[in-house]
Amino acid sequence: MTTSTKPLVLRSDYQRSVADYWNNEQDPVNLRLGDVDGLYHHHYGLGDYDPSVLTRGDDAVIAEMHRLETAQANVLLDQFGDVGPQDKLLDAGCGRGGSSIMANARFGCQVDGVTISETQAAFANEQARLRGVDDSVRYHFRNMLDTGFETGSRRGIWNNESTMYVNLYDLFAEHGRQLARGGRYVCITGCSNDVTGGRSKAVSKIDEHYTCNIHPRSDYFGALAANNLVPISVVDLTASTIPYWELRAKSSVATGIEEAFLTAYREGSFHYLMIVADRV
């Protein structure tokens, strides 16, 4: 893989605090679910859950939550279309890397993941090695605002619940640089409702819990337009993610943030969107 000079990764006190958070994170809601099949996700789920799992014990609930999270990753990957083995994809803010492994299995192409957590990158690279795909799936301790990858080298890029940690204009400028003309960008994210005229207490609680900065919905479209990324599809996934949160609230791995998500979604102050855009 050819790259340009490797840039400085952590550039602010805030980035260092986020990196520290994820370097030390050992939350069972991420690790126990990933232990089901070795795909470790750092995002939420989509679709209705099987209510019978609530009568079949904790392991059944964990497996069902993991199924919903994997379904969400498949919905994201569906948006990339006819990616082939000759192409390169980028998982921006890759966490422990489950979606990158799924992308490689589906498309047979090279996938790079970037994270500002050295711990996550090392963990994800070990998972790729154990699966025997470390020649084509690689994880890097890099900043997604300045990855060092070549201009125009990517057929597709995605952010799966990682945009709330960065300035969107800076992020989409870097994505626009890396994407080939006609390349595809996919984002699944939580965003606040501009119409309500302010963030609710529930949204502020989510920010505080994850040390993030949730953006208003309109910021995404302004930043995309400023960086030659034209939306072709916007899907509101809010109703589809509520069942996941209802199940998680009843699980042994609940963290206490579940009620804030459910309140924010139900009151309409928070939306779960998938945005698909092409590089022009």
What's the magnitude of the charge dipole for the chain around its Cα centre, counting Lys and Arg as +1 and Asp and Glu as -1 at the beta-carbon? Answer in Debye, nearest 20. 580 debye
Let me know the Kirkwood hydrodynamic radius for the range 217-280, please, with Cα pairs as the basis and the value in Å to one decimal. 13.5 Å
Quick one: what are the phi-derived ³J(HN,Hα) couplings along the range 97-107, Karplus 6.51/-1.76/1.60 with θ = phi - 60°, whole Hz, x for glycine and proline? x, x, 5, 5, 5, 5, 5, 5, 5, 6, 9
In angstroms, what radius of gyration and Dmax does the range 1-79 have, counting Cα atoms only? 17.1, 55
Counting C-alpha atoms alone, how compact is the range 100-153: give Rg to one decimal and Dmax as a whole number, in angstrom. 11.2, 31
Run down the aspartates and glutamates and flag those whose C-alpha is under 19 Å from the C-alpha of residue 205, throwing out any fewer than 8 positions away in its chain. 25, 27, 161, 194, 246, 258, 259, 267
Calculate the spin-label point distance for residue 280 paired with residue 133, positioning each point 7 Å from the Cα along the beta-carbon direction, and give it in nanometres. 3.3 nm
Surrounding net charge for residue 83, when Lys and Arg each add one and Asp and Glu each subtract one, Cβ distance under 12 Å: +2
Hey, could you pull the Cα Rg and Dmax for the chain, both in Å? 17.8, 55
Just to confirm, what accessible area per residue do you get for the range 138-280 at 1.4 Å probe, in whole Å²? 37 Å²
Neighbourhood charge, 10 Å Cβ-Cβ cut-off, centred on residue 145 and excluding it, Lys, Arg +1 and Asp, Glu -1: -1
So what's the net charge close to residue 15: Lys and Arg +1, Asp and Glu -1, counting the other residues with Cβ under 15 Å from its Cβ? -3
Residue of 145, 130, 229 that the Gaussian network model of the chain assigns the largest fluctuation, springs spanning Cα pairs under 10 Å: 130
For residue 88, go through the aspartates and glutamates and keep the ones whose alpha-carbon is under 15 Å away, minus same-chain ones fewer than eight residues off. 112, 134, 135, 150
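The values are calculated or read from the model by the stated rules, or taken from the named source; none is laboratory data. Worth saying up front: this structure is predicted, and the values here are computed from it rather than measured. As a convention, Cβ positions derive from the backbone with ideal geometry for all residues, glycine included, and neighbour counts pool all protein chains shown. We work out accessible area using only protein heavy atoms, side chains counted, and drop any ligands, DNA or RNA first. Shrake-Rupley method; radii C 1.70, N 1.55, O 1.52, S 1.80 Å.
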